[in-house]
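Structure record follows, encoded as structure tokens.
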Ligand code: ADP
Ligand code: F6P
């Protein structure tokens, strides 16, 4: 293999730049040519591809977002779109790709591999940490730190006013951020998409917490945990228990900002290993981390299986909220 490409796809995550840097510098160290596609798969289709050098990735390790930009690309869902992408890659002599993104991006990569024979290696990049086959994905740690900082601040004002606060964190389909920051922030309740609770159960929790002498409470709500989100839950709680409730939706600020030490180190490790994997002839795999160290996991396994939440941690959270 003489020439590879890198792209970021799907939702951005802090640490993607550190991963791009690691991919580019490792490739150059190993005497491979390295190109980048801008705006994910859209860049392959638009031929928005550029060869990079070691200085192209200078001064980006500390920056959030992705210098390569990212996009959701509809034409890539179609075989015709992928054929155009393949034509542009072949014309440049690109034989392998590193895809930094989530499970959707890995589905696309698998199709490019199966239909056109390119070697593909995925790097998990999403704040949601919902990717099977790796203990942690790039951006998760930074996003949790941002959410936890917000919860700590909200607790100050909640306690001063004896208020109930709902804090909505990201996670449309997964509760990894909510569960972890809920435990770390001492939340009275944590609502996750994986453990849906109805309004009656939530009201019961709030009423009982008050009876146990809690004058203020924080409930962490993952985006996808309650139909209509935290604002809808606020309406229900106010109407049915007469409490004064405030809601903070943290939203996309969890996706921006400088990546944490952990995310930069993880991204550097995974970027390096992705290039090593391509050079060893690996393809159709994601490079992740677990207790064994870095691991290569078949992409099909990654997007066919769901990473469950830490059930023990969920039980612990309930006990500690007593
Ligand atoms: P993520 O990678 O964060 O899960 P998406 O699900 O939005 O984000 O996927 C990112 C992009 O990957 C999509 O916009 C599309 O271009 C490509 N993609 C996703 N799923 C498929 C699929 N089943 N077939 C082909 N391409 C796909
Ligand atoms: O990055 C993952 C995620 O933050 C989800 O938790 C959220 O539902 C989604 O992205 C929203 O992304 P966008 O606004 O880009 O569609």
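Read-outs throughout are calculated quantities, based only on the coordinates presented, and are distinct from any laboratory measurement. Everything numeric in this text was worked out from a predicted model, so none of it was measured. A quick note on method: Cβ atoms are made from the backbone with ideal geometry, for glycine too, and the neighbour counts reach across all protein chains shown.
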q = 0.12, 0.21 Å⁻¹, the range 195-288: log10 I(q)/I(0) [Debye, one scatterer per Cα]: -0.62, -1.04
Relative packing of peptides 63-74, 159-170 - highest average C-beta neighbours within 10 Å first: 159-170, 63-74
For 243, 29, order by how many other beta-carbon atoms lie within 10 Å, fewest first: 29, 243
Alpha-carbon Rg/Rh ratio, for the chain, with Rh computed the Kirkwood way: 1.05
Whole-number percent relative contact order across the range 1-78, with pairs defined as alpha carbons under 8 Å at least 6 apart: 42 percent
Per-selection Rg to Rh, the range 135-292 - Cα, Kirkwood hydrodynamic radius: 1.09
Within the chain, helix-based [θ] at 222 nm, where runs of 4 or more DSSP H residues each add -39,500 (n - 2.57), nearest 500: -13500 deg cm²/dmol
On Cα atoms only, tilt of 261-279 relative to the major axis of the chain in degrees: 30 degrees
Cα gyration tensor shape of the range 121-176, rounded if a/c is under 1.5, else prolate or oblate by comparing a/b with b/c: prolate
Relative contact order computed over the chain (Cα-Cα under 8 Å; 6+ residues apart), in percent: 24 percent
Spherically averaged projected area of the range 281-322 from its Cα convex hull (nm²): 4.1 nm²
Whole-Å distance, taken between Cα centres, linking the range 92-111 and the range 256-311: 14 Å
The chain: angle of helix 79-91 to the longest principal axis, Cα-based, in degrees nearest 10: 50 degrees
Whether the range 96-135 is rounded, prolate or oblate, judged on the alpha carbon gyration tensor where a/c under 1.5 counts as rounded: prolate
Relative packing of 294-300, 226-232, which averages over residues the other C-beta atoms within 10 Å, highest first: 294-300, 226-232
Whether the range 23-62 is rounded, prolate or oblate, judged on the alpha carbon gyration tensor where a/c under 1.5 counts as rounded: oblate
Acute angle (nearest 10 degrees) that the helix 140-161 long axis makes with the longest principal axis of the chain, alpha-carbon atoms: 20 degrees
Percentage relative contact order, the range 131-224, counting C-alpha pairs under 8 Å, at least six apart: 38 percent
Packing-based ranking, highest mean first, of 306-318, 109-121 given that Cβ atoms within 10 Å are counted: 109-121, 306-318
